[in-house]
Amino acid sequence: MNVLGITGWSGSGKTTLVTRLLPDLTARGLVVSTIKHAHHDFDVDTPGKDSYEHRAAGATEVLVSSGRRWALMHELRDAAEPNLEGLLRHMSPVDLVLVEGFKREGHEKIEVRRAENERPALYPSDDQVIAVASDKPLPDAGRPVLDLADAQGIADFIVDHFGL
């Protein structure tokens, strides 16, 4: 399974880039899934719904199914948060998994950089950053610099990189 991180600091535009890449990649016939790292207290369920009550009552996993979709929620309880590799084992096989977050893990990544973001670049110290998507020139990046406004060009780079 091909795995590519869309990484960068908070507010850099990672989610915007992912949501612009997905329609382009899927229009090419690719099957693409995503993994998004969230803060520890996020919730996808609604208090009062049966699935929420099942989790609240102590179920480790709750699978909700309908004619349109199914979702599996897994409570860690006191277990450690799994790493990216552990999460990928739960994913169905696809052409590409785009990973938002997990910037410290060892998978290949495209770093998102914006001129107004003053946080230090990740790419100088991370050999797994294969390209930088930026709204400004980065002549000393030492890797391809992609135009952040050109989602199709970034999708072309991804397709070429993975031979898709």
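The values are calculated or read from the model by the stated rules, or taken from the named source; none is laboratory data. Here the structure is a predicted model, which is why all the values come from computation and not from measurement. Ideal geometry is used to build each Cβ from the backbone, glycine not excepted, and the neighbour counts take in all protein chains shown.
Quick notes on this structure:
- Among strands (runs of 3 or more DSSP E) entirely within segment 54-136, having at least 1 residues that are of a type in the set (F, W, Y) singles out 70-74.
- Sole residue being in contact with a helix residue (DSSP H, G or I) (Cβ under 6 Å, 6 or more places away or on another chain), buried (at least 16 other Cβ atoms within 10 Å of the Cβ), touching a residue at least 24 places away in the same chain (Cβ under 8 Å) and in the same structural domain as A27 (by TED's automatic domain parsing), chosen from L122, L146: L146
- Considering E118, E111, the condition of being at pLDDT 95 or above and farther than 16 Å from L25 by Cβ is satisfied by E111 alone.
- Matching residues in segment 9-39 - criterion: being more than 16 Å from F157 (Cβ to Cβ), touching a residue at least 12 places away in the same chain (Cβ under 8 Å) and part of a loop (DSSP other than H, G, I, E, B): W9, G11, S12, G13, V31, H37, A38
- Picking from residues in segment 88-119 that are surrounded by fewer than 17 Cβ atoms within 10 Å (Cβ to Cβ) and of a type in the set (A, V, I, L, M, F, W, C), the one that is farthest from D135 (Cα to Cα) is M91.
- Restricting attention to segment 69-87, the residues that are surrounded by fewer than 10 Cβ atoms within 10 Å (Cβ to Cβ) and of a type in the set (D, E, K, R) total 4.
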